[in-house]
Every structure is written in structure tokens, then in C-alpha cells.
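Chemist: Submitted below is the structure of interest, expressed as C-alpha cells.
The values are calculated or read from the model by the stated rules, or taken from the named source; none is laboratory data. Predicted, not measured: the structure shown is a model, and the values here were computed from it. FYI the Cβ positions are ideal-geometry reconstructions off the backbone, even for glycines, and counts take in every protein chain you see. Quick note on the areas: whole protein, heavy atoms, side chains included, nothing else; ligands and nucleic acids left out. Shrake-Rupley method; radii C 1.70, N 1.55, O 1.52, S 1.80 Å.
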Amino acid sequence: MAIIITDECINCGACESECPNNAIYEPSENWKLSEGTYLTGVVVLPNGKKLKAEEDQEPVEDDYFYIVSDKCTECKGFFNEPQCAAVCPVDCCVPDENHIESEEELLTKKRFLYNED
Ligand code: SF4
């Protein structure tokens with residue numbers, strides 16, 4: 001499953017630079033699918049969602065850092081554990097029960113983000 005940042009976040013920003021997929025954004029910041037990935041143009045995600053990779057998307061959270069679940073692979077394919085959770089000083093990067101994915105689904109997402117299929 002993807003990782004989510006809870007409202008216990010203290011906005012230290014330690015996690016943001018650790019994410020291999022550029023899935024972590026500052027509060028109120030727009031996000032793009034193309035940032036930190038190889039995606040361009042109109043893409044259909046493995047979950048069926050259709051997006052323009054370079055188009056600004058609305059922030060998921062206004063008050064604290066947030067993770068874009070469509071870009072989070074739980075660090076599969078890069079590291080053995082979620083890097084955001086490993087560096088978070090208040091342990092607020094936790095599994096997102098609303099985005100439950102198998103290891104294979106996470107690896108498929110990783111290959112999709114980098115055009116590896
Ligand atoms: Fe990024 Fe990994 Fe955290 Fe997901 S688990 S947001 S891929 S650092």
C-alpha cells in the first residue's frame with residue numbers, strides 16, 4: 001500500500017528529499033505526475049486513472065506535507081523500506097489503509113513511472 005503522512009507531521013521536510021519518486025510535496029503545493037518520473041503527455045495509470053503528466057494537480061493537503069499515492073511505491077524497486085518513514089522524526093509516515101496494494105502492484109507502478117515495461 002502507499003504511505004500517508006498523518007496530521008502529526010511537524011513540517012520539518014526531512015522526508016521530501018528522500019523520496020525516489022518525488023511523491024512528497026509541501027503543504028499547499030501543486031503536484032505533477034511528470035516530476036521525478038519519466039512520464040509525459042496523457043497517461044493512464046495502472047489503476048485506470050487518466051492524467052496529463054505535466055499538468056498541475058491540486059494539493060492533497062494544505063497544512064502539512066503530503067504523499068501522492070499515485071506516485072508512492074513504498075520505495076519498492078529502490079529500497080527495502082519506505083525512506084520517508086525511516087527518516088521521519090515523529091513517525092508520521094504510515095501505511096495508507098485507503099490505498100492497499102500488493103508488492104506486485106507496487107512494482108508494476110514503479111515500472112510504469114519509469115517506462116520500464
Ligand atoms: Fe516516497 Fe518511498 Fe515514502 Fe512512498 S514510501 S512517499 S516512494 S519515500
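Chemist: Of the options Cys9, Tyr38, Pro27, report the single residue whose Cα projects farthest towards the positive end of the charge dipole of the chain (beta-carbon charges: Lys, Arg +1; Asp, Glu -1).
Modeler: Positive-end residue among those listed: Tyr38.
Chemist: Give the Debye-formula value of log10 I(q)/I(0) at each listed q (0.21 Å⁻¹), with one equal scatterer per alpha carbon of the chain, two decimals each.
Modeler: Here the Debye-derived log intensity ratios amount to -1.22.
Chemist: Tally Lys and Arg at +1 and Asp and Glu at -1 over the other residues with C-beta under 13 Å from the C-beta of Glu8: what net charge comes out?
Modeler: Residues near Glu8 contribute -4 overall.
Chemist: Taking a label point 7 Å from the Cα of Thr40 along the Cα→Cβ vector, which residues of the stretch 89-117 have an amide N closer than 16 Å to it?
Modeler: Residues 113-116 qualify, since their backbone N sits under 16 Å from the label point.
Chemist: Also, I was wondering about something else. With every protein chain left in place, what is the accessible area per residue of the chain in square angstrom, probe 1.4 Å? Mind showing how you got there, number by number?
Modeler: Details: 6420 Å² over 117 residues.
Normalised by residue count, the accessible surface of the chain is 55 Å².
Chemist: Give me the net charge of Glu81's neighbourhood, meaning all other residues with Cβ under 14 Å from the Cβ of Glu81; Lys, Arg count +1, Asp, Glu -1.
Modeler: Within the 14 Å Cβ shell, the charges total -3.
Chemist: Can you give the charge dipole size of the chain about its Cα centre, rounded to the nearest 20 debye, using +1 on the beta carbon of Lys and Arg and -1 on the beta carbon of Asp and Glu?
Modeler: Its charge dipole is roughly 560 debye.
Chemist: What ranking do 109-117, 53-61 get when scored by the average of other Cβ atoms within 10 Å per residue, highest first?
Modeler: The most tightly packed comes first, giving 109-117, 53-61.
Chemist: Now for a different question. How far is helix 103-113 tilted, in degrees, relative to the longest principal axis of the Cα atoms in the chain, given as a value from 0 to 90 rounded to the nearest 10?
Modeler: Taking Cα atoms only, the helix is inclined about 70 degrees.
Chemist: Quick one: pull the percent of accessible area on the chain belonging to carbon and sulfur, 1.4 Å probe, ligands and nucleic acids left out. Don't jump to the answer; show the numbers that get you there.
Modeler: Working: 2910 of 6420 Å².
Whole-percent figure for carbon plus sulfur exposure: 45.
Chemist: Then there is this: For a label point 7 angstrom out from the Cα of Glu26 toward its Cβ, which stretches of the stretch 51-72 have the backbone nitrogen within less than 20 Å?
Modeler: Only 55-69 fall inside the zone, counting backbone N under 20 Å.
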